[in-house]
1. Just give me the residues in region 86-111 being assigned to a strand (DSSP E or B) and either charged (D, E, K, R) or within 16 Å of the chain's Cα centre (by Cα) (or both), in sequence order.
2. Look at region 233-252 and say how many of its residues are closer than 21 Å to R44 by Cβ and in a loop (DSSP other than H, G, I, E, B).
3. Report whether or not P146 is of a type outside the set (F, W, Y), over 20 Å from L228 (Cβ atoms), surrounded by 18 or more Cβ atoms within 10 Å (Cβ to Cβ) and under 21 Å from the mean Cα position of the chain (by Cα).
4. Kindly indicate whether A49 is more than 13 Å from the ligand (Cβ to nearest atom) and within 20 Å of P298 (Cβ to Cβ).
5. Tally the residues that are modelled with pLDDT under 95 and under 11 Å from the mean Cα position of the chain (by Cα), restricting the search to region 41-69.
6. State all residues of region 284-311 that are part of a helix (DSSP H, G or I) and either within 21 Å of the chain's Cα centre (by Cα) or small (G, A, S) (or both); if no residue qualifies, say none.
7. Which of the residues that make up region 242-263 are in contact with a helix residue (DSSP H, G or I) (Cβ under 7 Å, 6 or more places away or on another chain) and within 16 Å of the ligand (Cβ to nearest atom)?
Amino acid sequence: MSTVDAELEVAEPSVQGSDLEVTAAREARVGDMTVRRLLPLRLRRSVGAWCFVDHYGPMSVDGVAGMRVPPHPHIGLQTVTWLISGNVLHRDSLGSEQMIRPGQLNLMTAGRGIAHSEESPVEHDPLLHGVQLWVALPDAFRHTEPAFAHHADLPSAGIGGFEITVFAGSLAGARSPALMFSDIVGAELAARRDASGNIPLAPAHEHVVFAAAGSAAVAGTLLRPGQLMYLGTGRDRVAVSAPAESRLFLLGGVPLGETLLMWWNLVARTPDEIAAAAADWRAGRFAPVADYDGPPLPAPPLDVGRLVARP
Ligand code: MN
């Protein structure tokens, strides 16, 4: 997924407590799709190392092209692609070509630089519903070699009617095989019936929870799609209930403690790094993505003087 707009600004918290706040997504455009952008927030650039959360759909892509995200660059992050319905084809500048389906993980480590495209294949499922997440690479790892991994078989745990699939880190005894670079957790909670339970948390982690389908009561507060709940550190569990068929996401990690500079699809620390990567993209110095039917995505205009790093 790619951000179209250069500035990643969203709303202020609508509910705020000592360690719990609920914020509303803002609408953003990704190609022809309207998405709910839940993170980053103006006052919270990251939760653990999670620094970007888009939720899109469910939408009909029957008889239309569907997702069309042309080749674009990333630096300094990992992209986590997760579908609830549908199928999407990933191609990248390493030569990877991978279809992803619900319950599977596409994990792309940009490191010092990678380019990729994402699209609905010519023959695709009629419904598309998913999330696009980014994980900031900690400073010590952000210039690592680019890599791509597909995990079709992920561990799960059951709690109170929730089927919990762990795609990053570990939760409730299930550990994802995905290679992450910070102490982090990411899981999907699918309510197989009217579900209710205490989800164990690592007290050193901060977390966010959101509903992608249905609704959820989290720590006594109702959440619907388009809302993000933040939970601060120091909790060893959270009470969650949701009606059957609801689909929730839990993301968390040890607070990153680093000031990120995010612009377009680039995560860095200084304006000079952003400017250099944008110039590299414009000059064709990223390796190309083969076989995408169309031109690459141009970088938006960059005003280096307006770039401000925020924690
Ligand atoms: Mn992308």
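1. V88, H90, R91, D92, E97, I100, L105, N106, L107, M108, T109
2. Number satisfying all stated conditions: 3.
3. Numbers: of a type outside the set (F, W, Y): yes; over 20 Å from L228 (Cβ atoms): yes; surrounded by 18 or more Cβ atoms within 10 Å (Cβ to Cβ): yes; under 21 Å from the mean Cα position of the chain (by Cα): yes.
It is true that P146 is of a type outside the set (F, W, Y), over 20 Å from L228 (Cβ atoms), surrounded by 18 or more Cβ atoms within 10 Å (Cβ to Cβ) and under 21 Å from the mean Cα position of the chain (by Cα).
4. Numbers: more than 13 Å from the ligand (Cβ to nearest atom): yes; within 20 Å of P298 (Cβ to Cβ): no.
Here the answer is no, as A49 does not meet what is asked.
5. Result for region 41-69: 0.
6. Within region 284-311, the first condition is being part of a helix (DSSP H, G or I), and the residues that meet it are 304-306.
Within region 284-311, G305 is the sole residue that qualifies.
7. Correct list: W263 only.
Condition check ((1) more than 22 Å from R42 (Cβ to Cβ); (2) in contact (Cβ under 8 Å) with a residue 60 or more places away in the chain; (3) touching a Gly at 6+ places or on another chain (Cβ under 7 Å)) across all residues:
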| position | (1), (2), (3) |
| --- | --- |
| A195 | yes, no, yes |
| P200 | yes, no, no |
| H207 | no, yes, yes |
| V218 | yes, no, no |
| P225 | no, yes, no |
| L231 | no, yes, no |
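The values are calculated or read from the model by the stated rules, or taken from the named source; none is laboratory data. As the structure is a prediction and not an experimental result, all values here were calculated from the model. Neighbour counts are summed over all protein chains in view; Cβ atoms, including those assigned to glycine, are modelled from backbone coordinates with ideal geometry. For the accessible areas, the whole protein counts, side chains as well, though only heavy atoms, and no ligand, DNA or RNA atoms are used. Shrake-Rupley method; radii C 1.70, N 1.55, O 1.52, S 1.80 Å.
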